[in-house]
1. Given the criterion within 30 Å of ALA204 (Cβ to Cβ) and aliphatic (A, V, I, L, M), identify the matching residue among LEU143, LEU121.
2. Does any residue of region 226-244 turn out to be closer than 18 Å to PRO160 by Cβ, assigned to a loop (DSSP other than H, G, I, E, B) and modelled with pLDDT under 95?
3. Is it the case that LEU166 is of a type in the set (A, V, I, L, M, F, W, C), within 26 Å of TYR219 (Cβ to Cβ), assigned to a loop (DSSP other than H, G, I, E, B) and modelled with pLDDT of 95 or more?
4. Can you tell me which residue is nearest to the chain's Cα centre (by Cα) among those in region 93-109 that are in a loop (DSSP other than H, G, I, E, B) and surrounded by fewer than 11 Cβ atoms within 10 Å (Cβ to Cβ)?
5. Identify all residues within region 169-201 that are part of a loop (DSSP other than H, G, I, E, B) and under 18 Å from PRO252 (Cβ atoms); write none if there are none.
6. Looking at ARG90, is it over 23 Å from ILE208 (Cα atoms), surrounded by 13 or more Cβ atoms within 10 Å (Cβ to Cβ) and among the charged types (D, E, K, R)?
7. Identify all residues within region 202-235 that are within 19 Å of PRO157 (Cα to Cα) and surrounded by fewer than 16 Cβ atoms within 10 Å (Cβ to Cβ); write none if there are none.
Amino acid sequence: MRSALARRVCSAAASASSRPNAASSTSLLLRISSADASQRTRSQARTYATHPRRGLPVNPRHGPAALGQLKPSQSPKQRRRVGRGSSSGRGGTSTRGHKGQKARAGNGKPTPGFAGGQTPLMRLFPKRGFVSTHKTEYVPLNLDRIQHWIDQGRLDPSQPISAYHLLHSRCVHKVKDGIKILGDGAHHLRTPVHLVVSRASQAAIGAIEKLGGSIECRYYNANSMRRLIYPHKYTSLNVGGKGNAEAVSPDPISKKDLLWYSSARNRGYLALRAAAGTSPSPDSSSSSSS
């Protein structure tokens, strides 16, 4: 580009020297210099528009606002690299100084609870009590939530409501060892319901039966509860070629559970079974009939 410009300047100068009018030659040189400046401006603009590091699209047809060309802007400062030789100015100890806790890996910050080497506080005092692995945990459920689910049509009050319906309607989100009905929000309950759950408080029992509903507290172990809420994972039993027979839920074996489910005050199923004249287990019924 410079050789072409030189040729144009030389030819203009030669023509100007041959002409007697100096003003015309000066204007000619000014036009040539302005044309050269505009050409340089166009070249720089074209280079800037197609520069891949300026954040602009490579293809000018897409324009500067093309979604496919958007990207974060480049950092104005270079990342500082340490430990890359003495000539870099940050070699040797890599700006950490000589030895010591702050020169070690992890920036020298100890773990939470570290007390400088002495016995930490969490080990200084002994533990009190223990967490029982055999503890029974019931999921609490209030009466106002049951009424809210009935109003939304997610529970059918005309049918007995068990843990299966409460879980799959998302009235409760987990079952654990069973569901316990509590009396909170009893003044919101307007519909007679028939519940079959693991436990119930006395306030909940009174509020349900006041509206003409009923409640039965049944015992479930881990296997029987899983069979109740996931029946599709279990197959029915074919007993003696007489067709399918449902599995019998086990009765409680601990004294505490036997006393609780045998109490009519708690609406235990063993008390209801005894009032109906049936035995608590199928084995005892077969022996009594024989």
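1. Values: LEU121 fails: within 30 Å of ALA204 (Cβ to Cβ).
Testing whether each residue is within 30 Å of ALA204 (Cβ to Cβ) and aliphatic (A, V, I, L, M) leaves just LEU143.
2. Checked against the condition, which is being closer than 18 Å to PRO160 by Cβ, assigned to a loop (DSSP other than H, G, I, E, B) and modelled with pLDDT under 95, region 226-244 yields no hits at all.
3. Working: of a type in the set (A, V, I, L, M, F, W, C): yes; within 26 Å of TYR219 (Cβ to Cβ): yes; assigned to a loop (DSSP other than H, G, I, E, B): no; modelled with pLDDT of 95 or more: yes.
So LEU166 fails the test.
4. From region 93-109, those in a loop (DSSP other than H, G, I, E, B) are 93-100, 104, 109; that's our starting set.
Okay, now just the ones that are also surrounded by fewer than 11 Cβ atoms within 10 Å (Cβ to Cβ), so 97-100, 109.
On the way: GLY97: 43, HIS98: 45, LYS99: 43, GLY100: 41, LYS109: 30 Å.
Among them, the one singled out is LYS109.
5. Of all residues in region 169-201, those part of a loop (DSSP other than H, G, I, E, B) come to 169-175, 177-178, 183-185, 189-193, 198, 201.
Result: VAL175, ASP177, GLY178, SER198.
6. Numbers: over 23 Å from ILE208 (Cα atoms): yes; surrounded by 13 or more Cβ atoms within 10 Å (Cβ to Cβ): yes; among the charged types (D, E, K, R): yes.
So ARG90 fits the description; yes.
7. GLY206, GLU209, LYS210, LEU211, GLY212, SER214
The values are calculated or read from the model by the stated rules, or taken from the named source; none is laboratory data. This structure is a prediction, so every number in the text was calculated from the model and none was measured. Cβ: placed from backbone, ideal geometry, glycine included. Neighbour counts: every protein chain shown.
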